[in-house]
Amino acid sequence: MTELLVMFLISGVILVAIAVPLLRGKVAPNALYGFRVQDTLNDKRIWYAVNIYSAKWLVATGLIFSATCIVGYLIPGISIDNYSLICLAGFVVPMIIGVVFSWKYMKKIEGEVNGEHNRNVDH
């Protein structure tokens, strides 16, 4: 089970590491990496704002996942199956929450950007 812990911890570190360029606004819209949906790919202002926001959730997911795996590893007599399920939950739950909140944030930003565009057109 130690091998699983190491693999899961490395995965958590990778999640945090891939979030850093997004957090710093260093990743331009692209076909491979980031919060890639039509709304973000169509407007760079939305892309950068949403990717900075969602990267915070990615960091949180990596940290929660790693912490969950460490705590699970310390449970005496835990089976590999139960350990794996605990770790899976430590990844899936914060990831889903992060995607949902990032989507809501994107819609908010999109409304602000479109409102700004409409005000500029009116003048």
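Listing for the model above:
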| item | result |
| --- | --- |
| Subset tally (residues that are more than 12 Å from the chain's Cα centre (by Cα) and either of a type in the set (S, T, N, Q) or in a helix (DSSP H, G or I) (or both)) for segment 69-109 | 23 |
| Long-range neighbours under 8 Å by Cβ, at least six apart or interchain, first residue closer than 19 Å to F91 by Cα and among the hydrophobic types (A, V, I, L, M, F, W, C) within segment 16-37, second at pLDDT 95 or above and loosely packed, with under 14 Cβ neighbours inside 10 Å | none |
| Which numbered condition I86 fails, given (1) touching a residue at least 24 places away in the same chain (Cβ under 8 Å); (2) β-branched (V, I, T); (3) buried (at least 16 other Cβ atoms within 10 Å of the Cβ) | (1) |
| Residue check for S66: closer than 18 Å to L23 by Cα, polar (S, T, N, Q) and either buried (at least 16 other Cβ atoms within 10 Å of the Cβ) or within 22 Å of the chain's Cα centre (by Cα) (or both) | no |
| Residue under evaluation K44, criteria (1) surrounded by 13 or more Cβ atoms within 10 Å (Cβ to Cβ); (2) of a type in the set (D, E, K, R); (3) touching a residue at least 12 places away in the same chain (Cβ under 8 Å); (4) more than 30 Å from Y73 (Cβ to Cβ), criterion not met | (1) |
| Looking only at segment 24-50, and only at residues there that are within 19 Å of K108 (Cα to Cα) and among the aliphatic types (A, V, I, L, M), the one that is nearest to the chain's Cα centre (by Cα) | V50 |
| Count of segment 6-40 residues which are at pLDDT 95 or above and assigned to a helix (DSSP H, G or I) | 18 |
| Any hit, segment 54-64, residues being closer than 14 Å to I109 by Cα and part of a helix (DSSP H, G or I) | yes |
| Residue in segment 69-82 that is over 30 Å from M1 (Cβ atoms) and surrounded by fewer than 19 Cβ atoms within 10 Å (Cβ to Cβ) present | no |
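The values are calculated or read from the model by the stated rules, or taken from the named source; none is laboratory data. Bear in mind the structure is a predicted one, so any value in this text is a computation, not a measurement. In this analysis, Cβ positions are derived from the backbone assuming ideal geometry, glycine residues included, and neighbour counts consider all displayed protein chains.
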